[in-house]
Amino acid sequence: MKAAGLNTIETYVPWNLHEPQRGNYQFGEGFADLVSFLKLIHEHEMFTIIRPSGYICAEWDWGGLPSWLLRDERMRVRSIHPGFLEALQNYYSRLLPILVEYQYNRHGAGSIIAFQIENEYGSYGNDANYLKALHEMYIKYGLNEILLTSDGPKYLSAGSLDDVWATVNFQRRATENIKYLRRFRPKHHIMITEYWTGWFDYWAGKHQTGAITPYDAKAFEADLEGILLLSEEEISINFYMFFGGTNFGFTSGAHHFPFRQYKPLVTSYDYDAPLNEAGDPTPKYYAIRRVLEKFYSKHPELYVLNNDRSHKYGHSLPTIPPSSTKTSYGTIQISGYKTFEQILADDLLTVTTKLTNGPKSMEQLSVNNKSGASQGFILYTVKDILSLTKGLACQVTVTAVADNAVVLANGQAIFQSLPSINQFQFDLPAKTENLSILVENMGRINFGPMLDRSRKGLLDKVLIDGKIKIKEWIVHVLEFRQGTSNINGWKPMQTTPDAKNILHDGPRLFFATFPIDNQQLIGDTYLNLDFNWSKGVAFCNGFNLGRYWNVGPQRTLYIPAQLLVKGVNQIQ
């Protein structure tokens with residue numbers, strides 16, 4: 001990033017990453033190690049803009065909000081609802097004191113020069129009291145760098161506060177969009193907090209390179225020159241995304257707009273960004289570097305003035321680091337599997353509970369220290385459906401479900417719904433003894449007006465022939481939080497039924513290995529599932545790579561070299 005000419009790193013802080021269960025705060029290791037990230041930025045003599053608001057959007061599951069908030073049936077997120085503000089206050093009491101120590105004016109390891117209060121709030125609401133409450137929390141905990149809001153050009157008024165720097169987010173039509181901000185704040189410096197370099201993809205959609213129309217590197221470079229070299233305004237710009245990477249595991253979100261169906265997002269967050277999913281430069285990277293080289297030739301010295309410090313920032317562009325090594329490890333043969341019954345019996349994979357008054361959403365279950373379930377799959381089973389059907393064929397109505405559902409009668413798959421369908425009916429065969437409904441959480445809404453309606457699973461009653469309510473359920477939760485590396489008891493693949501019919505007996509977990517010997521390089525690679533694999537989740541050495549689905553447009557899952565080892569590697 002520095003080699004492209006950038007001087008500042010902007011990052012979100014996902015609440016659900018750092019408080020996955022109520023009161024369980026995680027800041028110390030892995031993806032949650034925020035402090036090491038801030039120190040790394042400082043070591044590279046760059047600045048930081050932090051966007052720590054409870055809601056971040058970012059095509060991340062529920063926009064970063066923790067799912068346990070949905071245990072409150074009256075929850076209204078991004079509002080002055082007491083349950084929301086109390087939970088956010090508790091989270092901020094742990095997060096903000098950490099950030100205070102890394103402010104630019106702290107003279108030591110500080111690189112943070114600005115904090116965002118809320119994220120594009122103007123496109124969601126217009127309650128100034130809510131924004132003021134967040135502002136007061138920031139001040140209470142000692143954040144005294146620049147505070148800002150960011151919104152789309154037409155939503156600036158609803159999403160900003162009078163005494164807070166208002167900034168703008170957009171792609172293309174820079175002159176027109178900047179005029180909105182200039183009219184709104186005539187005397188303020190122009191800051192584009194999100195200049196969208198590309199766009200994201202929906203499952204079953206087309207691959208996108210721009211928000212509305214395709215956006216190639218040539219057009220991107222011309223637009224960037226107009227902003228930084230030709231405009232009469234002094235403009236600061238942040239590229240969103242410069243590096244999108246991957247929404248590993250179950251972290252991808254979804255969109256829902258009025259009059260449009262639920263649309264889940266793919267695992268990759270490549271975004272057609274200047275750095276691709278593996279961190280390699282793309283044509284848009286070189287476009288930025290060329291424009292910034294011209295910019296620095298006209299402005300060789302930049303000054304950052306903030307509080308009691310000033311920093312003279314002379315700039316010459318470093319050499320571009322080499323791209324990461326890519327390695328192919330050939331075709332992998334499936335060697336073992338687990339039946340659905342084995343999966344449900346494995347304590348490493350499932351948590352079981354019972355319901356006696358109809359189904360509940362995964363968030364409302366009394367699991368995970370009463371924080372509910374958050375991710376993955378949830379199986380609802382009626383062990384003795386015969387007592388309700390009297391052994392007769394009948395029609396079953398699922399009145400509310402989110403998202404994808406598979407119905408099994410006596411262990412056999414008989415019906416499947418799509419994520420866009422929130423209710424359905426199916427015919428239950430005569431003499432069915434056990435009925436199961438497996439629901440997949442495909443990602444909570446991260447943008448749109450339906451944030452408060454993001455519960456997953458069976459959300460309301462299930463009826464037999466439109467009148468008999470099924471009350472008693474056994475529920476299995478499959479979140480895969482412990483990964484898959486410690487699973488044993490795989491059945492040999494050659495003992496399984498015909499591959500064409502294997503999934504009729506319910507979902508399976510498959511097992512394969514591939515070697516990396518001492519003479520081979522360990523490099524980034526991709527798992528290609530475009531060969532008769534329909535839908536599921538893949539793991540590498542126990543790490544959740546994310547969802548795959550043959551509807552596309554994503555066809556491969558990225559495996560960074562850091563996940564691989566010399567010797568035997570596992571894929572599940």
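Quick note: the coordinates plus some simple rules give every number you see, no bench work behind them. All values derive from a computational prediction rather than experimental measurement. Reconstructed Cβ throughout: ideal geometry from the backbone, glycine too, with neighbour counts over all protein chains shown.
May I ask you to compute the full-extension gain from PHE31 to ILE98, defined as 0.36 nm times their residue separation minus their alpha-carbon distance, rounded to one decimal in nm? The partial results should precede the final answer.
Numbers: separation 67, 0.36 × 67 = 24.12 nm, distance 1.61 nm.
Extra length from PHE31 to ILE98 when fully extended: 22.5 nm.
So if we plug the beta-carbon distance of ASP216 and ILE468 into 1/(1 + (r/R0)^6) with R0 = 45 Å, what FRET efficiency do we get, rounded to 0.05? Before the final figure, lay out the partial values.
Values: r = 58 Å, r/R0 = 1.29.
Efficiency, from the Cβ-Cβ distance: 0.20.
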The chain: antiparallel DSSP beta bridges as a percent of all, rounded to 5
70 percent
Given a Förster radius of 60 Å and the C-beta distance between MET493 and LYS140 as r, what FRET efficiency does 1/(1 + (r/R0)^6) yield to the nearest 0.05?
0.50
Once both axes come from the Cα atoms, what is the angle between helix 283-298 and the longest principal axis of the chain, in degrees from 0 to 90, rounded to 10?
20 degrees
Expressed as a whole number of Å, what is the distance separating the alpha-carbon centroids of the range 393-451 and the range 312-391?
17 Å
Rough spin-label spacing in nm, given labels placed 7 Å along Cα→Cβ, for GLN261 and GLN416:
1.5 nm
Using amide H atoms built 1.01 Å from N in the peptide plane, name the residues 5+ places from VAL537, or on other chains, whose amide H lies under 5 Å from its own.
TYR548
At R0 = 22 Å, how high is the FRET efficiency between ARG555 and THR331 if r is their beta carbon distance? Nearest 0.05 is fine.
0.90
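Can you show me the helix-derived [θ] at 222 nm for the chain, built from DSSP H runs with n ≥ 4 at -39,500 (n - 2.57) apiece and divided by the number of residues, rounded to the nearest 500.
Details: 9 runs with 92 residues, N = 572.
Helix contribution divided over all residues of the chain: -5000 deg cm²/dmol.
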For labels at HIS44 and ALA133 in the simple 7 Å Cα→Cβ model, what's the distance in nm?
3.7 nm
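Wrap a convex hull around the Cα atoms of the range 54-101, take a quarter of its surface area, and give that in square nanometres. Write down the numbers at each step before the final one.
Details: hull surface 14.9 nm².
Projected over every direction and averaged, the Cα hull of the range 54-101 covers 3.7 nm².
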May I ask you to evaluate 6.51 cos²θ - 1.76 cosθ + 1.60, the Karplus curve with θ = phi - 60°, for each residue of the range 415-421 and list the ³J(HN,Hα) values in order in whole Hz, giving x for glycine and proline?
7, 9, 10, 9, x, 7, 9
How big is the equivalent ellipsoid of the chain along its three axes, where each semi-axis is √(5λ) from the Cα gyration tensor, reported in whole Å from largest to smallest?
44, 29, 21
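For the range 2-314, what class follows from the C-alpha gyration tensor (a ≥ b ≥ c being the square roots of its eigenvalues): rounded when a/c is under 1.5, otherwise prolate if a/b is larger than b/c, else oblate?
Values: a/c = 1.40, a/b = 1.18, b/c = 1.18.
It comes out rounded by the Cα gyration axes.
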Burial-style ranking of 561-568, 85-92, average other-beta-carbon count within 10 Å with highest first, yields 85-92, 561-568
Which Rg and Dmax, in Å, describe the Cα atoms of the range 483-571?
14.2, 42
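Stretched out fully, how many nm does the piece from THR319 to LYS383 gain, at 0.36 nm a residue minus the Cα gap? Walk me through the numbers before you get to the answer.
On the way: separation 64, 0.36 × 64 = 23.04 nm, distance 6.46 nm.
So the extension gain works out to 16.6 nm.
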Taking a crude spin-label model, label points 7 Å out from Cα along the C-beta direction, the ALA3 to ALA204 distance in nm is 4.2 nm
